[in-house]
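The values are calculated or read from the model by the stated rules, or taken from the named source; none is laboratory data. All values reported here derive from a predicted model rather than from experimental measurement. Every residue, glycine among them, receives a Cβ derived from its backbone with ideal geometry; neighbour counts consider all protein chains shown. In case anyone asks, the SASA skips ligands and DNA or RNA and just uses the protein heavy atoms, side chains included. Shrake-Rupley method; radii C 1.70, N 1.55, O 1.52, S 1.80 Å.
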Amino acid sequence: VLVTREFLESRWAVAKGRRVNDSKQLTAAEREALWAEFETLAAQGQIHAHFGSASVEEIEQRNILGATKLAMRRALEGIYPATAFARREEPDLFSSLEERVAFAPTVVCRVLIDGLPLRGFPYPHTGIVNGDARSLGIAMASIVAKVARDRMMSELDASYPGYGFAQHKGYGTDEHREAVLRLGRCPIHREMF
């Protein structure tokens, strides 16, 4: 979720921002209601939001952390390409004015992520432990991620009935394990897990 300084001082952020905290403490209905508000804010140009995901094959190839970085990168690239944030070499004193301007990044913003900084991540960023409780933008992104995940799991539940994806959201609950033992793996189950 991309927010501006003006948005952080807006009526919505001041009046409703307190509701947007730890997405795990909100009900699914509360997250869906906030998603609808985020869509309105995006339509008004007040925020930009995007989510990314990784496939089962990418998780198997890269491990869960690598796939998480890939999904985060895809989410960011849905708003800006990584090159927009690229640090470029400073021009020397003899560079023309045109060359000096070309060295500036195309956007100026801070990328904040929930947790520790990530090595090998293509965006300059700041990791904030417990970020969803400390940053409105991170909290909003957490809600977007959970609503997107819940919707994907409901779709998977319809495609692969009997596994209970809509209920357990892919977590390794007893019911999920029992369903896998009873029905076998389906295409979205990881082979190596």
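Can you find a residue in the range 59-82 that is farther than 30 Å from CYS186 by Cβ and open to solvent by 60 Å² or more (accessible area, probe 1.4 Å)? Among the residues of the range 59-82, at least one is farther than 30 Å from CYS186 by Cβ and open to solvent by 60 Å² or more (accessible area, probe 1.4 Å), which makes the answer yes.
What about GLY172, is it open to solvent by less than 50 Å² (accessible area, probe 1.4 Å) and more than 19 Å from ASN21 (Cβ to Cβ)? Criteria met by GLY172. I'd like to check something: does the range 70-90 contain any residue that is in contact with a helix residue (DSSP H, G or I) (Cβ under 9 Å, 6 or more places away or on another chain) and β-branched (Val, Ile, Thr)? Within the range 70-90, not a single residue is in contact with a helix residue (DSSP H, G or I) (Cβ under 9 Å, 6 or more places away or on another chain) and β-branched (Val, Ile, Thr).
Residues in the range 147-167 that are within 15 Å of GLY52 (Cα to Cα) and in contact (Cβ under 8 Å) with a residue 12 or more places away in the chain: VAL147, ALA148, ARG149, ASP150, MET152, MET153.
With respect to THR4, is the statement that it is of a type in the set (S, T, N, Q), farther than 22 Å from ASN130 by Cβ and either modelled with pLDDT of 90 or more or open to solvent by 40 Å² or more (accessible area, probe 1.4 Å) (or both) true?
yes
Candidates in the range 7-44 are the residues that are open to solvent by 70 Å² or more (accessible area, probe 1.4 Å) and in a loop (DSSP other than H, G, I, E, B); of these, the one that is farthest from TYR80 (Cα to Cα) is THR27.
Looking only at residues in the range 146-166 that are basic (Lys, Arg) and loosely packed, with under 15 Cβ neighbours inside 10 Å, the one that is farthest from the chain's Cα centre (by Cα) is ARG151. Just one of the listed residues (ARG134, ARG182, ARG119) is over 21 Å from GLU39 (Cα atoms), in contact with a strand residue (DSSP E or B) (Cβ under 7 Å, 6 or more places away or on another chain) and open to solvent by 30 Å² or more (accessible area, probe 1.4 Å), namely ARG134.
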